[in-house]
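Colleague: Below are the structure tokens for one structure; questions will follow.
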Amino acid sequence: MSVAVRFAPSPTGLLHVGNVRLALVNWLFARKAGGNFLLRLDDTDEERSKPEYAEGIERDLTWLGLTWDRFARESDRYGRYDEVAAALKAAGRLYPCYETPEELNLKRASLVSQGRPPIYDRAALRLNDADRARLESEGRKPHWRFRLEHAPVEWTDLVRGPVHFEGSALSDPVLIREDGRPLYTLTSVVDDADLAITHVIRGEDHVANTAVQIQIFQAVGGAVPVFAHLPLLTDAAGQGLSKRLGSLSVASLREEEGIEPMALASLLAKLGTSDAIEPRLTLDELVAEFEIAKVSRATPKFDPEELLRLNARILHLLPFERVAGELAALGLAEADAAFWEAVRPNLSRVAEARDWWAVTHAPVAPVADDPAFLAEAAALLPEEPWDLSTWGAWTGAVKAKTGRKGKDLFLPLRRALTGRDHGPELKNLLPLIGRSRARKRLAGETA
Ligand code: GLU
């Protein structure tokens, strides 16, 4: 049986680091097993689902390189859900209930005040045909609950180990709304069964759903998949990420924070696992290192600063071909490998390359506060062509002529040539600046 997993976001908002981590873990699991990865849009909540969010999800996954082998959309499958619901009704596993939300709230409040768990009391199961006819004649429409077996539900979770629930400790879930619309708890099972999903890897917020859904799999005659529930990411203080979702959306990390896809993937693949977080340049490397057994039960903390540090480490390693498109999009279409290799050690974000492009290719106001020394240095500038050895040869000659060394030698040259105190190695920058600009800057001219 070949491994099949799915990532099943609801297109009701932007993907954030928490969701996309689950997409990545599913994708790595599939690739490692030689299996397939399904992208499924859980869009039965028609009020909140939006096409632009669906497009955003596809854009974000594509940007990360998480290509999908299969695609499904729940809103295409209503006919199938109706069919399954009809079969469950016929088998007596779905029963009509008529309580209003207010009535249900009262029941819950009363149970809680008695210190009892707020489990639905199955009052609707005690209605007879006449009761139902009377309620319907009052204009009430039923919603439908799944009748759970009051038996133990057990599974061996790939992250949590053996898990045990008592069916009697769970509320019969509502699977069909009053307007006839099927709810996630049902649709997800029907899809997982029909699409032969072998492993459901999702957040631990779904553990109780799993107990219920295992019984639904059994009721619809589907093979029960293997489950893995990952602890959810928190912020550095251990708080849920939900409050900061806007700033932690994949779109804002990409567009506002300048995060590289492999920085995000390198972090999210390892966060909460026994592996160290190291920069990786390809998803293949992450696939090779991936084991679901390395995922720990401890709460993983997401730290945006750690992501930015990893972004810098990735940029320091990325070859020019991997950033050429991004540089062009920044208006640096003429940037080449020599430029990239000169500046990348100083970048935490690709966009910062613009500053160094300006230093090497646009007029710079030099800081020339030691004109006599700079004039001596200018006189020693070798003729072009210049290469990576030019800086060493030139500063060697300046040192011999002036007797300066260390900071006294290098800092005035840097300040004159770049207008700044810090930056990429001058050995790399000098050939990019070129002789004509260098001479003028050493003479204190903006060039
Ligand atoms: N649409 C559900 C969610 O985003 C899917 C959960 C699942 O993986 O089953 O929470």
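The values are calculated or read from the model by the stated rules, or taken from the named source; none is laboratory data. It should be emphasised that the depicted structure is a prediction, and the values quoted were computed from it without experimental measurement. With ideal geometry, Cβ positions are generated from the backbone for all residues, glycine too; neighbour counts draw on all protein chains shown.
Colleague: Suppose we keep only residues that are in contact with an Asp or Glu (Cβ under 8 Å, 6 or more places away or on another chain) and outside any helix (DSSP H, G or I) within region 112-132. Which one would you say is surrounded by the most Cβ atoms within 10 Å (Cβ to Cβ)?
Modeller: Taking the candidates together, the pick is Y120.
Colleague: Filter region 162-189 down to the residues that are closer than 16 Å to I214 by Cα and out of contact with any Pro (no Cβ under 9 Å at 6 or more places or on another chain) and list them by number.
Modeller: Across region 162-189, the qualifying residues are P162, V163, S168, L170, D172, P173, V174, Y184, T187, S188, V189.
Each row is one residue, and each column tells you yes or no for (1) closer than 28 Å to A30 by Cβ; (2) of a type in the set (G, A, S).
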position	(1), (2)
L283	yes, no
R322	yes, no
V364	no, no
A378	no, yes
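Colleague: Hey, another quick one. Mind listing whichever residues of region 178-191 are away from the ligand (no atom under 12 Å from the Cβ) and surrounded by fewer than 20 Cβ atoms within 10 Å (Cβ to Cβ)?
Modeller: Those that are away from the ligand (no atom under 12 Å from the Cβ) and surrounded by fewer than 20 Cβ atoms within 10 Å (Cβ to Cβ): E178, D179, G180, R181.
Colleague: Which pairs have Cβ atoms under 8 Å, sit 6 or more apart or on different chains, and link a residue in region 373-388 that is within 20 Å of L432 (Cβ to Cβ) to one that is assigned to a loop (DSSP other than H, G, I, E, B)?
Modeller: L374/A368; L374/A443; L374/G444; A378/A443; E384/G434; W386/G434
Colleague: Another question, if that's okay. Only one of T67, T100 is among the polar types (S, T, N, Q) and under 30 Å from A130 (Cβ atoms); which?
Modeller: T100
Colleague: Collect the residues in region 192-213 that are in contact with a strand residue (DSSP E or B) (Cβ under 6 Å, 6 or more places away or on another chain), part of a helix (DSSP H, G or I) and near the ligand (Cβ under 9 Å from one of its atoms), keeping them in residue-number order.
Modeller: Within region 192-213, just T210 meets the criteria.
Colleague: Can you name the residue in region 142-176 that is in a loop (DSSP other than H, G, I, E, B) and within 16 Å of the ligand (Cβ to nearest atom) and, of all such residues, is farthest from R73 (Cα to Cα)?
Modeller: R160
Colleague: How many of the residues making up region 2-12 are more than 10 Å from the ligand (Cβ to nearest atom) and small (G, A, S)?
Modeller: Residues meeting the conditions: 2.
Colleague: Among the residues of region 13-57, which ones are within 10 Å of the ligand (Cβ to nearest atom), over 25 Å from L307 (Cβ atoms) and either touching a residue at least 60 places away in the same chain (Cβ under 8 Å) or not aliphatic (A, V, I, L, M) (or both)?
Modeller: Of everything in region 13-57, those that are within 10 Å of the ligand (Cβ to nearest atom), over 25 Å from L307 (Cβ atoms) and either touching a residue at least 60 places away in the same chain (Cβ under 8 Å) or not aliphatic (A, V, I, L, M) (or both) turn out to be R40, D42, D43, T44, D45.
Colleague: Provide a single number: the residues in region 247-270 that are assigned to a loop (DSSP other than H, G, I, E, B), buried (at least 21 other Cβ atoms within 10 Å of the Cβ) and not charged (D, E, K, R).
Modeller: Here the count works out to 2.
Colleague: Can I ask one more? What are the pairs with Cβ atoms under 8 angstrom where one residue, in region 198-223, is over 24 Å from V20 (Cβ atoms) and the other, located anywhere, is of a type in the set (D, E, K, R) and within 12 Å of the ligand (Cβ to nearest atom)? Sequence gap at least six, or different chains.
Modeller: Close Cβ pairs (under 8 Å, with a partner that is of a type in the set (D, E, K, R) and within 12 Å of the ligand (Cβ to nearest atom)) amount to F217/D192; G222/D192.
Colleague: If you don't mind, another one. Return the total of residues in region 214-238 being within 19 Å of V3 (Cα to Cα), in a helix (DSSP H, G or I) and aliphatic (A, V, I, L, M).
Modeller: So the count comes out to 1.
Colleague: Sticking with this one: What residue, of L66, L61, L94, is aliphatic (A, V, I, L, M) and more than 29 Å from L267 (Cα to Cα)?
Modeller: Residue meeting the stated conditions: L94.
Colleague: Continuing with this model, one more query. Quick one: S242 ticks every box in (1) within 15 Å of the ligand (Cβ to nearest atom); (2) in contact with a helix residue (DSSP H, G or I) (Cβ under 6 Å, 6 or more places away or on another chain); (3) modelled with pLDDT under 95 except a single one, so which number is it?
Modeller: That leaves (2) as the condition not met.
Colleague: Follow-up. Within region 398-447, how many residues turn out to be charged (D, E, K, R) and more than 18 Å from A362 (Cβ to Cβ)?
Modeller: 9
Colleague: Among the residues in region 98-111, are any touching a helix residue (DSSP H, G or I) at 6+ places or on another chain (Cβ under 6 Å), surrounded by 14 or more Cβ atoms within 10 Å (Cβ to Cβ) and in contact (Cβ under 8 Å) with a residue 24 or more places away in the chain?
Modeller: Yes, region 98-111 contains at least one residue that is touching a helix residue (DSSP H, G or I) at 6+ places or on another chain (Cβ under 6 Å), surrounded by 14 or more Cβ atoms within 10 Å (Cβ to Cβ) and in contact (Cβ under 8 Å) with a residue 24 or more places away in the chain.
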